[in-house]
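Working notes, beginning with the structure itself.
The values are calculated or read from the model by the stated rules, or taken from the named source; none is laboratory data. Everything quoted here is computed from the prediction, not taken from an experiment. Positions of Cβ are backbone-derived with ideal geometry, glycine not excepted, and every protein chain shown enters the neighbour counts.
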Amino acid sequence: MRIVSYNIQYGRGMDDRYDLARTCAQLHGADIACLQEVEQFWQRSGNVDQPAEIARLMPDYFSVYGSSFDVDASLRDSQGRVVNRRRRHGNLILSRWPILSTRTFNLPKQHYPEKFNMHMTCVEAVVSTGSRDLRVYSYHAGYLESPERQAQVADFAEIFARAPGEGGAWSGKADIDGFDWGHGETPPPMPASAIVCGDFNSNPQTSEFALLLELTGLVDCWAVAAPEEVNAPTWKSERGEDVRMLGKIDHILVTPDLAGAIAGAEIDHDTEASDHKPIAITLDPD
C-alpha cells in the first residue's frame, strides 16, 4: 500500500504556473493520497473548483474534501439571481478504496494583528481496503508560531484519542420512532488503526512535533524506514520571505500496530509542481 502526502500549494509550481494536471501526476501509484492547500473559487488560481477538478483528473479514486477557510464568494448571474458560492481552502483525501465516512475539524487559531493568519484544518476519512479499515487524516498546521501549533496538536490529540470510542458516523440501532436512519446499512466503523499525513510546519526537533508524538503515540515513518532523511527538507524555502521553515516539515505517522508494516519512506526531491515536496511511504500488504 502506497500512501502519499503532498501540500500542493493550490496547484502553483515553482515556475508560478498553475497546473493541477501536473500536480496529479505526482500522485502516480498512490493508493491513498492526502493533499493540503486545495481551494475553491480563488481568483489567484483561476476561480477553479479544485476538488472537483482533481476528482475529474483522478477518476479512479474516491475523494473527500474539507475546508476551514470558508467565506462568501457568491455572485449574481445576468438575470440578477444569486449564484451561491464559497471561497474555501483546505485538505483533500483520495483513495482507491471506498471512503466510508469523513469529518472535518477546525484547529485552534490565534490572532496576529500584523500577520495574515487563517483557520487550519484536519480532514478524517475512514477507508475500507477490503482487508482492513483505517482512519486516515490529512492535517495542516499553522505556519506562524510554535504556541499556535502546540494548541493545534493538543486539540488534534484529543480528537484522535476519542474517535474509536465514539464509534462511526452513526452507531447503535438505526431506528428512531420507526424511521430508518441507517439507510439499511451496517454502522460504519471507527477503527483504532490510523495514518496521519500532512504539512505540520514543524520539523522533528520542534517542541510541537515532540508533543504530537507524546500525546498520540504515533510513530514517525521516517524514523523507522529512512532515518537518514528524518530531517531532510520538504519545503523549498527559497520561495519567499514570509515563511521560513527548516528541515522536514511534511510527515506521515502511523499507529504502533502499523509500524511493523512500514516497508519504505521516500521524498521526491526533484518535482517543481509545488513549493513542497511530495512524500510517500509503503506499507506491506496484510
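Restricting attention to the stretch 138-153, does a residue exist that is without any contact (Cβ under 8 Å) to a residue 60 or more places away in the chain, in a helix (DSSP H, G or I) and charged (D, E, K, R)? For the stretch 138-153, residues without any contact (Cβ under 8 Å) to a residue 60 or more places away in the chain, in a helix (DSSP H, G or I) and charged (D, E, K, R): present. Look at Val38 and say whether it is within 26 Å of Pro191 (Cα to Cα), within 15 Å of the chain's Cα centre (by Cα) and β-branched (Val, Ile, Thr). Against the criterion (within 26 Å of Pro191 (Cα to Cα), within 15 Å of the chain's Cα centre (by Cα) and β-branched (Val, Ile, Thr)), Val38 does not qualify.
Annotation note: Cβ proximity below 9 Å between a residue of the stretch 158-182 that is under 24 Å from Ala194 (Cβ atoms) and a residue that is β-branched (Val, Ile, Thr) (sequence gap 6+ or interchain) occurs for Phe160/Val196; Phe160/Thr216; Ala161/Thr216; Gly168/Val126; Ala169/Thr102; Ala169/Val126. Residues in the stretch 213-229 that are in a loop (DSSP other than H, G, I, E, B) and either within 16 Å of Ala157 (Cα to Cα) or modelled with pLDDT under 95 (or both): Gly217, Leu218. From the residues in the stretch 106-161 that are among the basic types (Lys, Arg) and either more than 15 Å from Phe209 (Cα to Cα) or in contact with a Lys or Arg (Cβ under 8 Å, 6 or more places away or on another chain) (or both), which one is surrounded by the most Cβ atoms within 10 Å (Cβ to Cβ)? Only one residue tops the list, namely Arg135. Look at the stretch 49-72: where a residue is outside any strand (DSSP E or B) and a partner is surrounded by fewer than 17 Cβ atoms within 10 Å (Cβ to Cβ) and among the hydrophobic types (A, V, I, L, M, F, W, C), sitting 6+ places away or on another chain with Cβ atoms under 7 Å, you get Leu57/Ala21.
Is at least one residue of the stretch 190-212 in a loop (DSSP other than H, G, I, E, B), without any contact (Cβ under 8 Å) to a residue 40 or more places away in the chain and under 24 Å from Val38 (Cα atoms)? Checked against the condition, which is being in a loop (DSSP other than H, G, I, E, B), without any contact (Cβ under 8 Å) to a residue 40 or more places away in the chain and under 24 Å from Val38 (Cα atoms), the stretch 190-212 yields no hits at all.
When you look at Leu92, is it within 13 Å of the chain's Cα centre (by Cα), touching a residue at least 40 places away in the same chain (Cβ under 8 Å) and crowded, with 17+ Cβ neighbours inside 10 Å, yes or no? Spelling it out, Leu92 is indeed within 13 Å of the chain's Cα centre (by Cα), touching a residue at least 40 places away in the same chain (Cβ under 8 Å) and crowded, with 17+ Cβ neighbours inside 10 Å. Restricted to the stretch 101-130, and to residues there that are assigned to a loop (DSSP other than H, G, I, E, B) and touching a strand residue (DSSP E or B) at 6+ places or on another chain (Cβ under 7 Å), the residue that is farthest from Ala192 (Cα to Cα) is Met118. Being farther than 16 Å from Asn201 by Cβ and more than 19 Å from the chain's Cα centre (by Cα) is true of Asp77.
Within the stretch 213-228, being charged (D, E, K, R) and surrounded by 18 or more Cβ atoms within 10 Å (Cβ to Cβ) holds for one residue alone: Asp220.
Condition (residue is within 19 Å of the chain's Cα centre (by Cα), in a loop (DSSP other than H, G, I, E, B) and either within 22 Å of Arg162 (Cβ to Cβ) or at pLDDT below 95 (or both)) applied to the stretch 250-264: is it met by at least one residue? Yes, that holds for at least one residue. Taking the stretch 190-210 as the range and being in contact with a helix residue (DSSP H, G or I) (Cβ under 9 Å, 6 or more places away or on another chain) and not hydrophobic (A, V, I, L, M, F, W, C) as the test, the residues that pass are Pro191, Ser193, Asn201, Ser202, Asn203, Pro204, Thr206, Ser207, Glu208.
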